[in-house]
Amino acid sequence: MENLWSVLFATGYLTYRSYKETETESARQADDIYSLAIPNLEIRKIFIDQVMDWFQEEARKDTPKLDAFCDAFARADAVKAEELFNAYLRKTISIRDTNVRKDRKENFYHGILLGLLSHREDWIINSNAESGNGFSDILVELEHEGIGIVVEVKYCEKENLDQSCAEALAQIDRLGYEDKLLQEGMNTIYKYGIACYKKKCKVQLCAD
């Protein structure tokens with residue numbers, strides 16, 4: 001993977017933004033960090049298309065686990081959803097993937113969840129949709145079952161996962177994120193507050 005970034009940088013698909021040196025000479029070769037950026041919208045679209053192609057290919061290899069993950073959300077099984085999401089985070093991400101501002105960290109986990117839930121082709125999924133008095137991270141409609149799912153994601157800086165989950169659920173209620181789902185005829189609403197810290201997550205549920 002590191003060789004891939006080097007090739008993309010050398011060919012202009014990524015551009016230099018900043019450089020951070022480590023404190024000790026002995027660790028310098030292994031740990032110096034170069035911050036790279038996608039230079040324009042055209043290349044950004046290429047990245048998005050390629051990443052989605054890769055994600056879909058990986059998803060096909062792991063269909064049973066993705067089915068179980070989606071089923072957990074549809075059945076209001078927060079414990080199973082948390083177990084599977086934790087396993088996915090441990091397997092697929094690096095701590096350095098979250099070495100960005102807090103809002104971008106939340107976007108990072110938001111994107112992962114969006115990709116996982118999009119495995120179900122018969123689900124209607126909206127990201128950052130206007131609903132109630134704000135914009136919900138993820139809204140899901142299971143039309144045939146009349147089930148609506150609201151997902152709000154928080155990143156907690158000090159691993160206080162329970163508190164961040166509670167804040168996410170409170171935000172859903174305060175801003176009425178379920179309104180759009182109710183307007184679409186969903187009569188059962190599952191609200192998920194999901195808190196993430198590096199490779200860990202906590203999932204809490206409130207069902208209406």
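Quick notes
- Three-way shape label, the stretch 60-207, alpha-carbon gyration tensor, a/c 1.5: oblate
- In sequence order, the stretch 155-172 has phi-based couplings of 10, 9, 6, 10, 6, 8, 5, 4, 5, 5, 4, 4, 5, 5, 5, 5, 5, 4 Hz under the Karplus curve 6.51 cos²θ - 1.76 cosθ + 1.60, θ = phi - 60°, and Gly or Pro positions carry x.
- Potential extension, Glu167-Thr188 segment - 0.36 nm per residue separation minus Cα distance: 5.4 nm
- Contour minus Cα-Cα distance for Ala207 and Arg90 (0.36 nm per residue): 39.3 nm
- Unsatisfied cross-links (Cα-Cα over 22 Å) in the set Lys80/Lys199; Lys154/Lys199; Lys105/Lys180: Lys105/Lys180
- Highest mean first, the peptides 188-198, 142-152 sorted by other C-beta atoms within 10 Å per residue fall in the order 188-198, 142-152.
- In terms of its alpha-carbon gyration tensor, the stretch 121-183 comes out prolate; a/c meets the 1.5 threshold, and the first ratio a/b outweighs b/c.
- Magnitude of the charge dipole, the stretch 60-207, Cβ model with Lys/Arg +1 and Asp/Glu -1, debye to 20: 960
- Full-extension gain in nm, Ile38 to Thr15, via 0.36 nm per residue minus C-alpha separation: 7.6 nm
- Remark: spin-label model distance Asn107-Asn128 equals 0.7 nm, labels positioned 7 Å along the Cα→Cβ axis.
Laboratory data are not the source of any read-out in this text; all were calculated from the coordinates shown. Note that the structure is a prediction, hence the values are computed from the model and not measured. Neighbour counts are summed over all protein chains in view; Cβ atoms, including those assigned to glycine, are modelled from backbone coordinates with ideal geometry.
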